[in-house]
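S.K.: After the structure tokens below, expect a handful of questions from me.
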Amino acid sequence: MSQQLLIAFVTFAFVMAFTPGPNNIMLLSSGVTYGFRRTVPHMMGVSFGFAFMVGAVGFGLATVFIRYPVLQDLLKYLGAAYLIYLAVAIAFSGSTKPEDTTLRGPMSFWGAALFQWVNAKGWVMVISTITAYAAIARFPANVALQVAISFVMAIGSTITWTLFGTALRPLLSSERAVRAFNIVMAVLLLASLYPVFMDA
């Protein structure tokens, strides 16, 4: 195992996991809107979903995308459409109280896990992880190590961004303030589509 390559991969995984992107923006907004406890399924869905995607690609799913490149384009545009839908939903969401029992709520575990497959930033991370850092150990130990590190970084990132949103919640005491905050988050979410359309 190359210790330098392992350190490089951990650094890469940390930077990619903690910097703003669709997952982190949605978790920040969910922390403000719904609080930490109600956002836990969303957090777990992101963490398990992303780690599973790293493993699936590392253990051979990448060959499917190499053989059928149209699938990459399909996922990219499905992801863009879904992000636009989520941005609109976030922009029109207001604050909730713990006792609220409305039909609308934070993203579910499965919704967040499946979202990873249409997340443009997630695909950049996965492809970079599997291709650039494959030599950190011999196969299949390298993939298992990449999955474990990706999961730990995802857990740390989701907790951090949700706590940040939860900490902002008392400061955004009015419905108008929460709405304004969520509109800003929606705009940032739409801005995360810039690389997708620049690559088109």
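S.K.: Mind checking which residues of region 165-176 are part of a helix (DSSP H, G or I) and surrounded by 15 or more Cβ atoms within 10 Å (Cβ to Cβ)?
M.R.: 165, 166, 168, 169
S.K.: Quick one: in region 5-59, of everything that is in a helix (DSSP H, G or I) and polar (S, T, N, Q), which residue is surrounded by the fewest Cβ atoms within 10 Å (Cβ to Cβ)?
M.R.: 11
S.K.: Would you confirm whether any residue within region 71-82 is within 17 Å of residue 22 (Cβ to Cβ), over 12 Å from the mean Cα position of the chain (by Cα) and at pLDDT 80 or above?
M.R.: Within region 71-82, one or more residues are within 17 Å of residue 22 (Cβ to Cβ), over 12 Å from the mean Cα position of the chain (by Cα) and at pLDDT 80 or above.
Per-residue answers, yes or no, for (1) more than 20 Å from residue 189 (Cβ to Cβ); (2) touching a helix residue (DSSP H, G or I) at 6+ places or on another chain (Cβ under 9 Å); (3) free of Cβ contacts under 8 Å to residues at least 24 places away in the same chain:
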| position | (1), (2), (3) |
| --- | --- |
| 7 | yes, no, yes |
| 28 | no, yes, no |
| 41 | no, yes, no |
| 54 | yes, yes, no |
| 57 | yes, yes, no |
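S.K.: Can you pull out every residue in region 4-53 that is of a type in the set (Phe, Trp, Tyr), touching a Ser or Thr at 6+ places or on another chain (Cβ under 9 Å) and closer than 12 Å to residue 122 by Cβ?
M.R.: Within region 4-53, just 50 meets the criteria.
S.K.: State which residue is surrounded by the most Cβ atoms within 10 Å (Cβ to Cβ) when the search covers only region 60-91 and only residues that are of a type in the set (Val, Ile, Thr) and farther than 20 Å from residue 182 by Cβ.
M.R.: Once the filter is applied, the top-ranked residue is 64.
S.K.: Checking residue 102 against (1) modelled with pLDDT under 85; (2) of a type in the set (S, T, N, Q); (3) surrounded by 12 or more Cβ atoms within 10 Å (Cβ to Cβ), only one condition comes out false. Which one?
M.R.: Going through the list (1) modelled with pLDDT under 85; (2) of a type in the set (S, T, N, Q); (3) surrounded by 12 or more Cβ atoms within 10 Å (Cβ to Cβ), residue 102 breaks only (3).
The values are calculated or read from the model by the stated rules, or taken from the named source; none is laboratory data. What you see is a predicted model; the values in this text were computed from it and never measured. Quick reminder, even Gly has a Cβ in these numbers, built from the backbone with ideal geometry, and neighbours come from all protein chains shown.
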